[in-house]
There are 2 protein chains.
Amino acid sequence: MKTDIEISQSVNLTPIKEIAEKIGLKENDLELYGNYKAKIDFPTIQKAAEKEDGHLILVTSINPTPAGEGKSTITIGLGDALNKIGKKTVIALREPSLGPVMGIKGGATGGGYAQVLPMEDINLHFTGDMHAITTANNALSALLDNHIQQGNELAIDPRRIIWKRVVDLNDRALRQVVVGLGGPLQGMPRQDGFDITVASEIMAILCLATNIEDLKTRLSNIVVAYTFEKTPITVGDLQVEGALALILKDAIKPNLVQTIYGTPAFVHGGPFANIAHGCNSVLATKTALKLGDYVVTEAGFGADLGAEKFLDIKVPNLKKSPDVIVIVATIRALKMHGGVKKEQLNEENIEALTHGFSNLKKHIENMQSYGIPVVVAINEFISDTKQEITQLEALCKKQGVIVESASVWEHGADGGTALAKTVASVIENETTNYHSIYPVGASLEEKIETIVTKIYGGAGVSFSQKAINQMKTFEDYGWDRLPVCMAKTQYSLSDDPKALGAPSNFTVTIRELVPKIGAGFIVALTGDVMTMPGLPKQPAALNMDVLEDGTAVGLF
Amino acid sequence: MKTDIEISQSVNLTPIKEIAEKIGLKENDLELYGNYKAKIDFPTIQKAAEKEDGHLILVTSINPTPAGEGKSTITIGLGDALNKIGKKTVIALREPSLGPVMGIKGGATGGGYAQVLPMEDINLHFTGDMHAITTANNALSALLDNHIQQGNELAIDPRRIIWKRVVDLNDRALRQVVVGLGGPLQGMPRQDGFDITVASEIMAILCLATNIEDLKTRLSNIVVAYTFEKTPITVGDLQVEGALALILKDAIKPNLVQTIYGTPAFVHGGPFANIAHGCNSVLATKTALKLGDYVVTEAGFGADLGAEKFLDIKVPNLKKSPDVIVIVATIRALKMHGGVKKEQLNEENIEALTHGFSNLKKHIENMQSYGIPVVVAINEFISDTKQEITQLEALCKKQGVIVESASVWEHGADGGTALAKTVASVIENETTNYHSIYPVGASLEEKIETIVTKIYGGAGVSFSQKAINQMKTFEDYGWDRLPVCMAKTQYSLSDDPKALGAPSNFTVTIRELVPKIGAGFIVALTGDVMTMPGLPKQPAALNMDVLEDGTAVGLF
């Protein structure tokens, strides 16, 4: 069987100019990055803005398990299949972080015959967006430390700097560091830490900003530190929002690539969904909506994280809610939620499947509670038995939700046409009545409690003393009505990664709040959510290579 | 008067496809990065390899002063002027580091009417080479720390790790840091530090490697640490040279851009010349030599640093020595070498000029000692008086060296035709007899002593006890016959930045040796040469901005 990279390298790519023509873009509308990648500039985006929005399909999933769910694969395959049945469709995905690529997860370009290409480029440096974000983030750190070094006119308290440095790598040794050592010429010693780039507030800003002016305003609003008097210090106070925006001037433009089947795909922006808001950029999704009749996009991790943030944080910025939500599940993963170990997933187990369905059921109810129709997509595996499929269909039917199987990994567009027809039919026949899960004007406490009780199914929230103090202070700063971005494990509906299925009677502890005023939300940290992953004992990097002719080896 | 960026933005750029046609490249030979930047792939480089080398012109300068010398400007203007007088010329330059761009120095794309374009792109992210090098460097750090964390099979001594992390920024707070804090799950606590990316050994390797195989071999040879038994640990021991090469697979390909006059310019690789070898990549220079009849290239800082390293480190890898060396000087800078303060440079001062000529004289003698003809180029300033010019011409004549003025900053190609004719005439009429300043087989001690006494004009070398011990150990490791890369202040021929002109009777102290086995040389650290610059009180970043239409503001 061919690997993903072998399949991708066997495809004869179509020049991106021709892909762009499918959605009405001319060569002049593109900034080419080689023959197969392009950025879309603002004049083109503005020109398209007059058109009507297409239909929006949000793909999400159950809580991920080591069995794999294949959300990106279904997103891509569904887009290909919609095109195949005659719907002019554009895909909108996040771009991968190099950290997981070099670590254990691999890339984020789909799999099998449902991939976005060129997968090597997208998974490595792509058009440099991640690097620009890393650079802007760290330039801000350097300018901040330099301000202190050069006399500290703003009276920044070095103990109260909340802006961290970043690298787009998994590097645990950088989680907690001390910088500025070596005497008075080498800066002010202080505690610092590095996050992974995709956890940077600048990534969130890039994904929410609608133009350069909005970008600058948001950058300017970033709170980086507090003074000795505890007054917030912003990027605007340091007067460097212009320099940061300059560094980001190309990164903010959406990237256009293609799938194996030549479907246009915007791959742009990539905040993690467990520590950030987990969706691709508003600019890319908006542009896709203007250029396609149907847009398939995904939100990170399970529907409790990515989809909740898509619906409560991104939609108000996008000014367009999904017309249908597709929840991806696999029989294998549901069996894991039902208690089966990874080694025994190949054995039929109706009881475990039925038990593990509780996880999918909760996500279905959650998504329906936003007033949007739901379709369940079963991502088929060779080990699925006929009885298991029948049982899952029955469970979904009992829940009043449409279910459809797809085999796009193996069969590409052909494997997704049934799902595509179902999704198109739901869009044509059902109406949406989108509303956020919480009122815009609710307090941070109310918003967090709503998410925990309604979405996670928890009994309540326990706030640490630190979080309670912060909520009080945030009132004084006028930050107490912002949306909340939950930082929580992706593996469970609760804050305990080991609690699979649909746990109940649990309390979620809010350890700390992190203001992301530029992004426009407050991050609520639960438990020990890592903002910098580590590498495994055998990192994927050990298998990577490049041949004399430049062919990439070992990416997946 | 227009600023550099205003001049550059007023130019109607020619599509890079058409620029490439001038040197026999077709669109298929290019990897486009937008309409005005391209990379040249290996098949194209290999195809060109069969051609004969063109003539090589190396541009260097006196020791830099705050008055400015304009070496890049002359390099670009000379290339434009050679084309104007009918010589098919290609320029080969280094690419800028973002650190100085955001700090105080500004970009490195020339000035006035002698610029490479698009200057905003080249000075910001360009084609991502710096980011790829940063990423490869830091991926290696992460993999190294992960190896220790995951059991340390190779028995790496955390106190003896010599591989540092990098950022492509001026960030003094990162010079000395402690990483791995926070307990056993966050890595092994140890001292570390960040260099600027252009000081990374990976930058040096990228600039010396001739193909992917050579790149992998060099990466594999990098020494990153020593074991508890003091055995060197290489990238090959960690088995990650393939992953690093994969990260660098596009960065290693030369970048093609254009000057204001449409001269093809390879801008690729950019190691600093005070802490690294200071020349653009061998691959770019070699490709330029195959495609142009004349190639103008430059080496960093003064001839004591950049040109010495070009001649003793790069030439053996390039397998081609310069046909002529152009030494750039300004009357203002020579007056500073003669003791005049910056505020008084506008006043005529024949005596100071005559005194300061000692610096130029020493560089002329040095360059001639390599067996290569020398031309002095006076980069004209409005404050130069006729008498000063006459005096400088007389001093050069006395030295038996041809001198020619140029005003390419103000007049572009027209301002450089006299210099171009002189340079072309020297190439046509004079012969070269290149030889390295030291025998390949000499010891490190002999090589360092030769450079200090013959090139710097010093009385001798004082080695610290540490350096003496290292030389002994390096013999055991078989590193004792490698070329030497001096790390020295650029401001003086000596190791004292305040000793202008041509100091004598000084001793240079070698503090420490740093093995760069992948690059293939040993760095000798004199005094306190910084491998990570700091930002000034008013960084250039404070004046940067980007307009709503994407126009860059404040780059220089």
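See the values below:
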read-out: Cα long-axis angle, helix A:282-291 against chain A (0 to 90 degrees, to the nearest 10); value: 40 degrees
read-out: For segment B:538-544, 3J(HN,Hα) per residue [Karplus equation, 6.51 cos²θ - 1.76 cosθ + 1.60, θ = phi - 60°, Hz, x = Gly/Pro]; value: 10, x, 4, 3, 5, 9, 8
read-out: Neighbour-count ranking [beta-carbon atoms within 10 angstrom, fewest first] of A:Ser8, B:Ser436; value: B:Ser436, A:Ser8
read-out: Amide H partners (placed H, <5 Å) of B:Gly68, local residues excluded; value: none
read-out: Centroid-to-centroid separation of segment A:379-403 and segment A:481-525 [C-alpha atoms, Å]; value: 30 Å
read-out: Cα long-axis angle, helix B:129-149 against chain B (0 to 90 degrees, to the nearest 10); value: 20 degrees
read-out: Interchain or long-range residues, amide H under 5 Å from A:Val224's placed H; value: A:Ile233, A:Thr234, A:Val235
read-out: Between helix A:71-84 and chain A: long-axis angle, C-alpha atoms, 0 to 90°, nearest 10; value: 50 degrees
read-out: Taking B:Arg94, A:Arg159, B:Arg172 and counting other C-beta atoms within 10 Å, the order from fewest to most; value: A:Arg159, B:Arg172, B:Arg94
read-out: Under Karplus coefficients 6.51, -1.76 and 1.60, residue-wise ³J(HN,Hα) of segment B:330-343 in Hz, glycine/proline x; value: 10, 4, 4, 5, 5, 5, 5, 4, x, x, 7, 7, 4, 5
read-out: Cross-link table B:Lys309/B:Lys341; B:Lys230/B:Lys516; B:Lys84/B:Lys421; B:Lys362/B:Lys454, entries beyond 19 Å C-alpha to C-alpha; value: B:Lys309/B:Lys341
read-out: At 7 Å out from Cα toward Cβ: A:Asn429 inter-copy label distances (nm, ascending); value: 9.2
read-out: Residue-by-residue Karplus 3J(HN,Hα) for segment A:185-199, coefficients 6.51, -1.76, 1.60, Hz, glycine and proline x; value: 7, 10, x, 8, x, 7, 6, 8, x, 10, 9, 6, 3, 5, 9
read-out: Magnitude of the charge dipole, the protein assembly as shown, Cβ model with Lys/Arg +1 and Asp/Glu -1, debye to 20; value: 920 debye
read-out: Sorted by Cβ neighbour density within 10 Å, fewest at the top, the residues B:Asp195, A:Asp293; value: A:Asp293, B:Asp195
read-out: Across the identical copies, how the B:Ile468 labels are spaced - nm, sorted shortest first, 7 Å along Cα→Cβ; value: 6.7
read-out: Semi-axis lengths (Å, descending) of the ellipsoid that matches the C-alpha gyration tensor of chain A; value: 36, 28, 23
read-out: Whole-Å semi-axes of the protein assembly as shown's equivalent ellipsoid (Cα gyration tensor); value: 54, 30, 28
read-out: Descending semi-axes in Å of segment A:261-375, equivalent ellipsoid built from Cα gyration tensor; value: 30, 16, 14
read-out: Of B:Met486, B:Leu392, B:Ala424, farthest towards positive along the dipole that unit charges on Lys, Arg, Asp, Glu beta carbons give segment B:386-541; value: B:Met486
read-out: Largest to smallest principal axis extent of the C-alpha atoms in segment B:444-525, angstrom; value: 39, 23, 18
read-out: Nonlocal amide H pairs with A:Met532, under 5 Å, H built at 1.01 Å; value: A:Ile196
read-out: Debye log10 I(q)/I(0) at q = 0.12, 0.23 Å⁻¹ for segment A:129-245, Cα point scatterers; value: -0.42, -1.40
read-out: Cross-link table A:Lys216/A:Lys253; A:Lys88/A:Lys290; A:Lys253/B:Lys105; B:Lys22/B:Lys51, entries beyond 20 Å C-alpha to C-alpha; value: A:Lys253/B:Lys105
read-out: Dipole of chain A, positive direction: furthest Cα of A:Leu353, A:Thr197, A:Thr507, with charges on the beta-carbon; value: A:Thr507
read-out: Total formal charge among the other residues, if their Cβ is under 12 angstrom from that of A:Leu181, Lys/Arg +1 and Asp/Glu -1; value: +1
read-out: Relative contact order for chain B, counting Cα pairs under 8 Å that sit 6 or more residues apart, in percent; value: 21 percent
read-out: Cα centroid of segment A:108-122 to Cα centroid of segment A:448-477, whole Å; value: 39 Å
read-out: Per-copy distances of the A:Pro15 label point, shortest first, in nm (7 angstrom along Cα→Cβ); value: 0.9
read-out: Size of electric dipole in segment A:432-505: Cβ of Lys, Arg +1 and of Asp, Glu -1, about Cα centre, debye, nearest 20; value: 180 debye
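Since every read-out is calculated from the coordinates, none of them should be taken as a lab result. The structure displayed is predicted, hence computed values, not measured ones. Using ideal geometry, Cβ is built from the backbone for each residue, glycine included, and neighbour counts are taken over all protein chains shown.
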